[in-house]
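Trainee: Let me give you the structure first, and then I'll get to my questions.
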Amino acid sequence: MKKANLIMLGAPGSGKGTRAVALCEVLGIAQVSTGDLFRNNIKEGTELGKLAKSYINKGELVPDGVTAAMVKDRLSKPDTAGGFILDGFPRTLAQAEMLDKILAELGEEISYALYLDVPDAEIIRRISGRMICSECQAPYHREFNPPKSEGICDKCGGKLFTRDDDKPETVKKRLEVFRSTTLPLADFYGARGILVKIPPELSERGAAADMREVAEKLGLCAR
Ligand code: AP5
Ligand code: MG
């Protein structure tokens, strides 16, 4: 069995959060979503949140050093010791190199980078129907994954909202940044022999069953 230290790689709206939440439930490991961490800081009005907001609302990346420092801090928390999924990090080659250093200091390494390859037209459909829980950040979709009660999170009862960066013009910019800056990471991890393509569509059994199958195939476990 392999320890589940994972990266979830994919375009905006490709389903990183949906899969990461499901896999964390299946394996009992920690989700580390840089987007969620930034949004929490924005909500709390911290200095980091103010800085991040100025980039996020334009669809640009937050500077590498700032993002890597936040991830380093998060990975030093005890709940990640048994395994983790990095959802939305790294997003640049420089971040991937910073991650190698952070993990070397912790005596850890990445077991697999899971890649969701989703066509742009499907991404637009997914993002345009997305709603997020204001408390636990779980993602829903008006059509593909509606909550049981309208506007309310199934998991924690929080109110659902639409993200500021899900406006069509910002989504276009986020997709451009993904293609030019983040997509090369698929080759970077491919060259290391740890890139695994995940089917982009969910089966009828749902995200948890799909991700359980992925975990079994890869021989992943939490430690
Ligand atoms: P982040 O929050 O990471 O946003 P993102 O990468 O743009 O990805 P999303 O969260 O939009 O999509 P997702 O892939 O999680 O899809 P989801 O599961 O929600 O980052 C936001 C911003 O923060 C960045 O733009 C940047 O500014 C900054 N930032 C973050 N990390 C950074 C970093 N490392 N460096 C610098 N800056 C950084 O699914 C989408 C929708 O589709 C949902 O409604 C869901 O219900 C639905 N859905 C999911 N899967 C399926 C399916 N198979 N079929 C049908 N519907 C589906
Ligand atoms: Mg997400």
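Readers should treat all values here as calculations from the given coordinates under stated rules, not as data from a laboratory. This one's a predicted model, so the numbers in the text were calculated from it and none came from an experiment. Cβ sites come from the backbone with ideal geometry, for glycine too, and all protein chains shown count toward neighbours.
Trainee: What are the residues whose amide H is under 5 Å from the amide H of PHE84, where those residues sit 5 or more places off or on another chain and H is modelled from the backbone?
Mentor: When sequence neighbours closer than 5 places are left aside, the close amide H contacts are ASN5, LEU6, ALA30.
Trainee: Quote the Stokes-Einstein diffusion coefficient, in whole µm² s⁻¹, for the stretch 85-223, based on the Kirkwood radius over alpha carbon pairs, a temperature of 4 °C and a viscosity of 1.567 mPa s.
Mentor: Estimated diffusion coefficient is 75 µm²/s.
Trainee: Whole Å is fine, so just give me how far the alpha carbon centre of the stretch 16-85 lies from that of the stretch 146-223.
Mentor: The stretch 16-85 and the stretch 146-223 have Cα centres separated by 14 Å.
Trainee: Related question: Could you run the Karplus curve 6.51 cos²θ - 1.76 cosθ + 1.60 with θ = phi - 60° over the stretch 176-190 and give me ³J(HN,Hα) per residue in whole Hz, x for Gly and Pro?
Mentor: Karplus values, whole Hz, x for Gly and Pro: 4, 4, 4, 4, 7, 10, 9, 4, x, 5, 4, 5, 4, 7, x.
Trainee: Could you please report the charge total around ILE102, scoring K, R as +1 and D, E as -1 over all other residues with beta-carbon less than 12 angstrom from its beta-carbon?
Mentor: Every neighbour counted, the sum reads -3.
Trainee: OK, next. Can you give the local net charge around GLY157? Use residues other than it whose beta-carbon is closer than 12 angstrom to its beta-carbon, Lys and Arg +1, Asp and Glu -1.
Mentor: For residues surrounding GLY157, the net value is +1.
Trainee: Then there is this: Can you tell me which of ILE127, ILE85, ILE194 moves the most in a GNM of the chain? Springs connect C-alpha atoms under 10 Å apart.
Mentor: With Cα springs under 10 Å in the chain, the top fluctuation among ILE127, ILE85, ILE194 is at ILE194.
Trainee: Moving to a separate point now. What is the sum of charges, Lys and Arg at +1 and Asp and Glu at -1, for the other residues whose Cβ falls under 11 Å from the Cβ of THR18?
Mentor: Taking every Cβ under 11 Å from that of THR18, the sum is +2.
Trainee: So the label point goes 7 Å from the Cα of LYS197 along Cα→C-beta, right? Which residues of the stretch 92-134 then have their backbone N under 14 Å from it?
Mentor: 114-119
Trainee: Hey, can you grab everything whose amide H is under 5 Å from the amide H of HIS141? Only 5+ residues off in sequence or another chain; H modelled, so Pro and N-termini drop out.
Mentor: MET131
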